[in-house]
Amino acid sequence: MILTTVAEANDLASAIESWQPPETFVDPVTLKIKEFKALGLNDEQITAELDKLGMGWYPKTGATWMGRILTPEEVVEIPTRAPTKAPSDEKVVTYDYTVTRQVGRTSCMRTSAASWTGVASEIVSGAMNVATGETRYHYLCMQLGNLNSGTNWVETVLTHNLGETYEWHTYDSDEGGWAYYMDKNTVITAADTYVIMLDGTRDGNGWNYDVWINYNWVRSGHLSDLWVQAGFQKEVYSDTGTFTDDASSAVFYRNWLHNAQGWSYWTNSVSTWWSTADPVQETHSMGALSYRWETWVEN
């Protein structure tokens, strides 16, 4: 078995338990939109100006993000993907799904019930290996939404694709789709902090959420329900059906769930399920504070 070579991260200072976005927080994209509207710019002009600033906006719903929406040429190269099906649906699902040229394999950790308003994790990515003729796309995801049905969700996605560096993306299933945020600016042995949280408010487009990476705001949008599922996924895709062994594992060291009472550690008191498709492997155990989930590719 290939186990992680990174150091244990339990000595890291954790701020999630008491962390909340500032009560008066307004994301920087929304502030810019207000400025441009005050100047009399229309939606098309505002979108163009935001693009110059490395910001994005979905005028139909008001969703906003840092970074840029992927081009149609980039999107067509991405494998068709969705949250892994729930165990009750597995009898009608194959994990050997083929999309365009790619064959995909996935490991998953997910809450069984839709009873949460947020999820957070400290994640060490590990190597996320790729190679010519083997794994071409490699994704590490944290998700919040209606995951069993795959109808409405948001996620952070760390990508390591063949010929590319490690990149942070976000994805919303119905408000703007894929957005490139930035190249990962920490080493693969570092524990990065990811947060997706509904703020308990809603408007005509749904319940409002925000995404944060290393405590920097990255995206906002809407989910159709306030109480939803939380989950993690590791995904690999290959043109040939051959996958690259990982040199080190991805480790979700400390994991949290959010509800009306605030943040709590994701422990064995939470109904949780795991799923894998060879050669993606996983192991899970209770750490000192929360579940520790480890996943890797091993043929």
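The values are calculated or read from the model by the stated rules, or taken from the named source; none is laboratory data. Computed from a predicted structure; not experimentally measured. Glycine also receives a Cβ, built like all others from the backbone with ideal geometry; neighbour counts cover every protein chain displayed.
Check whether at least one residue in the range 209-219 is out of contact with any helix residue (DSSP H, G or I) (no Cβ under 6 Å at 6 or more places or on another chain), modelled with pLDDT under 95 and either of a type outside the set (S, T, N, Q) or closer than 27 Å to residue 149 by Cβ (or both), and report yes or no.
Looking for residues that are out of contact with any helix residue (DSSP H, G or I) (no Cβ under 6 Å at 6 or more places or on another chain), modelled with pLDDT under 95 and either of a type outside the set (S, T, N, Q) or closer than 27 Å to residue 149 by Cβ (or both), one finds at least one in the range 209-219, hence yes.
Based on this model, can you work out whether residue 259 counts as surrounded by fewer than 18 Cβ atoms within 10 Å (Cβ to Cβ) and more than 30 Å from residue 27 (Cβ to Cβ)?
Working: surrounded by fewer than 18 Cβ atoms within 10 Å (Cβ to Cβ): yes; more than 30 Å from residue 27 (Cβ to Cβ): no.
So residue 259 fails the test.
State yes or no: is residue 254 touching a helix residue (DSSP H, G or I) at 6+ places or on another chain (Cβ under 8 Å) and not aromatic (Phe, Trp, Tyr)? Spell out how you get there, then give the answer.
Numbers: touching a helix residue (DSSP H, G or I) at 6+ places or on another chain (Cβ under 8 Å): yes; not aromatic (Phe, Trp, Tyr): yes.
So residue 254 fits the description; yes.
Considering the range 59-76 alone, what residues qualify as being buried (at least 21 other Cβ atoms within 10 Å of the Cβ) and not aliphatic (A, V, I, L, M)? It would help to see each step written out before you state the result.
Looking only at the range 59-76, we keep the residues that are buried (at least 21 other Cβ atoms within 10 Å of the Cβ), and these are 63-66.
Correct list: 64, 65.
Give me the pairs, please: first residue somewhere in the range 116-144 and under 25 Å from residue 21 (Cβ atoms) and at pLDDT 95 or above, second residue anywhere and charged (D, E, K, R) and assigned to a loop (DSSP other than H, G, I, E, B), beta-carbon distance under 8 Å, and either six or more positions apart or on two chains.
125/184
Which ones in the range 44-68 are in contact with a Lys or Arg (Cβ under 9 Å, 6 or more places away or on another chain) and over 15 Å from residue 221 (Cα atoms)?
Answer for the range 44-68, where residues must be in contact with a Lys or Arg (Cβ under 9 Å, 6 or more places away or on another chain) and over 15 Å from residue 221 (Cα atoms): 46, 49, 50, 51, 53, 54.
Have a look at 156, 151 and point out the one that is of a type in the set (S, T, N, Q), modelled with pLDDT of 95 or more and under 30 Å from residue 205 (Cβ atoms).
Values: 151 fails: modelled with pLDDT of 95 or more.
When all the criteria are applied, what remains is 156.
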